[in-house]
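The values are calculated or read from the model by the stated rules, or taken from the named source; none is laboratory data. Note that the structure is predicted; figures quoted are calculated from it, not measured. FYI the Cβ positions are ideal-geometry reconstructions off the backbone, even for glycines, and counts take in every protein chain you see. Note: accessible area is taken over every heavy atom of the protein model, side chains too, but ligands, DNA and RNA are not part of it. Shrake-Rupley method; radii C 1.70, N 1.55, O 1.52, S 1.80 Å.
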Amino acid sequence: MYAIIGAGPMGLCSARQLQKHGIPFVGFELNGDVGGLWDIDNPHSTMYDSAHLISSKHTTEFSEFPMDADVAPYPHHSEMRRYFRDYARHFDLYKHFRFNTRVVHLERLERGWKLISEQDGQRREGHFDGVLIANGTLHTANRPALPGHFDGELLHSADYRSPVMFEGKRVLLVGCGNSACDIAVDAVHRAASVDLSVRRGYYFLPKFILGRPSDTFGGAVKLPRRLKQLVDGLLVRALVGKPSQYGLPDPDYKLYESHPVMNSLVLHHLGHGDIKARPDITQVDGRRVTFSDGRQAEYDLILQATGYKLDYPFIDRAQLNWPERAGAPQLYLNIFHPEYDDLFMMGMVEASGLGWQGRAEQAELVALYIRQQQARSQQAERFRALKADRAGQRLDGGYAYLELERMAYYVHKDSYRNQVKRHIAELGQGLERVQPFAGIPAGT
């Protein structure tokens, strides 16, 4: 019996793949329903009212469960919640999960894992052959200290829900990722003023080109990396101009070496003076903020859109092969532990355009490796040696990704998916068909 931690998108597709391959499992979910952060009513969700997908539906959906035709190209979070609930119902996954259940501790045994969970104040211990960790990467806010003391409201984007909170206030947003830009655009319609503090340059991409989602362009012809960066960079320049034309710093790196911002509305508001660009903060004193250009301004609310930290509080960091100074656990394909054959990190991967299907392929590979281990096959032995040898190697496709903590588990989509698919083909050989796991009551 295997344990899956989390019933968000990654936990659901992990459950689906174990189910397909006849591998018994039980899932554990902190919330009362599936969907993870896409369920805005989940107390642990970091979603906000206006949030939509930043990749289009056809590059994001599971291939065996397409989104409905009437769903917009960039679905609202409520549509995504419905989609994941429909997915769980369609594949009969609900019965496999223990909801409103927190995983408190994972302890390695001589064989398998001891998992301690808690539900309604009652703790329960279970022993499992292996564990798939799928509790997500966007739930523990990164809240860097300000250089000084701020007397106003200090929040993180994880605390943001509705633009009502900005009503009549002088607002400073810190950061310029996708959430920061979404929230800045929301704030324009409520706040007395909106400033955006940006430390480094970003590339901004429009969501639509010629009426089509921009992430659906460029797949027909495969260009060499350097040529693709040049051609796409020139196209972006032609479509939206240089960030410095809007008062923002220009990137000092090439396109695709960091995650681009899928938002041109923020540029629209910068160009209209609704949002004012500011450089990095150097000092905070009361409500007065000093920036690196020497200018000062006063604010009622500072909202830090400074991202999230990987957090797996139920397991010791050393058990994840996670060195102290590393931004992420050092695993093969961001999944496989170099020593343990029964611990899998699901969904700890980011790549432009990877989508949920790319993550479902992760889950399929894990299911096949489990099956081959059960068969004691040569394929399992070869893969065991390979993952031990390659743990921590990065499939970056030759891109010089920025040395940032949030980029520590970033990969190149095509390189990554091609490698995963190669392993799926290898590990799929010689396996007998089995009946899909029908499940046992999750409460037993």
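A Cβ distance below 7 Å, combined with a sequence gap of six or more or placement on separate chains, defines the contacts here; from region 413-432, residues that are within 21 Å of residue 18 (Cα to Cα) and in contact (Cβ under 8 Å) with a residue 40 or more places away in the chain reach residues that are hydroxyl-bearing (Ser, Thr, Tyr) and open to solvent by less than 40 Å² (accessible area, probe 1.4 Å) in the pairs 427/369; 430/377. What about residue 276, is it at pLDDT below 95 and either out of contact with any His (no Cβ under 9 Å at 6 or more places or on another chain) or outside any loop (DSSP other than H, G, I, E, B) (or both)? So residue 276 fails the test. Given the structure, is residue 52 of a type outside the set (A, V, I, L, M, F, W, C), within 15 Å of the chain's Cα centre (by Cα) and surrounded by fewer than 20 Cβ atoms within 10 Å (Cβ to Cβ)? It is true that residue 52 is of a type outside the set (A, V, I, L, M, F, W, C), within 15 Å of the chain's Cα centre (by Cα) and surrounded by fewer than 20 Cβ atoms within 10 Å (Cβ to Cβ). The residue pairs whose first member lies in region 107-125 and is modelled with pLDDT of 95 or more and assigned to a strand (DSSP E or B), whose second member is surrounded by 11 or more Cβ atoms within 10 Å (Cβ to Cβ) and of a type in the set (Asp, Glu), and whose beta carbons are closer than 6 Å, counting only pairs six or more residues apart or on different chains, are 114/107; 116/125. Within region 359-371, identify whether any single residue is touching a residue at least 60 places away in the same chain (Cβ under 8 Å), open to solvent by 20 Å² or more (accessible area, probe 1.4 Å) and touching a Cys at 6+ places or on another chain (Cβ under 9 Å), and answer yes or no. Scanning region 359-371, I find at least one residue that is touching a residue at least 60 places away in the same chain (Cβ under 8 Å), open to solvent by 20 Å² or more (accessible area, probe 1.4 Å) and touching a Cys at 6+ places or on another chain (Cβ under 9 Å), so the answer is yes. Here the condition is being under 30 Å from residue 89 (Cβ atoms) and among the charged types (D, E, K, R); of 387, 421, it holds for 421 alone. Is at least one residue of region 26-40 more than 20 Å from the chain's Cα centre (by Cα) and assigned to a helix (DSSP H, G or I)? No. Listed by position, the strands (runs of 3 or more DSSP E) enclosed by region 289-360 that each have at least 1 residues that are among the charged types (D, E, K, R) are 296-298. Scanning region 372-392 for residues that are exposed (fewer than 14 other Cβ atoms within 10 Å of the Cβ) and hydrophobic (A, V, I, L, M, F, W, C) gives 375, 385.
Matching residues to (1) of a type in the set (A, V, I, L, M, F, W, C); (2) open to solvent by 50 Å² or more (accessible area, probe 1.4 Å); (3) under 21 Å from the mean Cα position of the chain (by Cα):
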site: 260; (1), (2), (3): no, no, yes
site: 265; (1), (2), (3): yes, yes, no
site: 270; (1), (2), (3): yes, no, no
site: 279; (1), (2), (3): no, no, no
site: 300; (1), (2), (3): no, no, no
site: 307; (1), (2), (3): no, no, yes
site: 326; (1), (2), (3): yes, no, yes
site: 334; (1), (2), (3): no, no, yes
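Looking at region 20-61 only, could you name the residues that are free of Cβ contacts under 8 Å to residues at least 24 places away in the same chain and among the acidic types (Asp, Glu)? The answer is 41, and nothing else. Residues that are surrounded by fewer than 21 Cβ atoms within 10 Å (Cβ to Cβ), over 26 Å from residue 263 (Cβ atoms) and of a type in the set (Lys, Arg) do occur in region 118-139. Inspection of region 393-404 identifies no residue that is among the hydroxyl-bearing types (Ser, Thr, Tyr), in a helix (DSSP H, G or I) and open to solvent by less than 40 Å² (accessible area, probe 1.4 Å).
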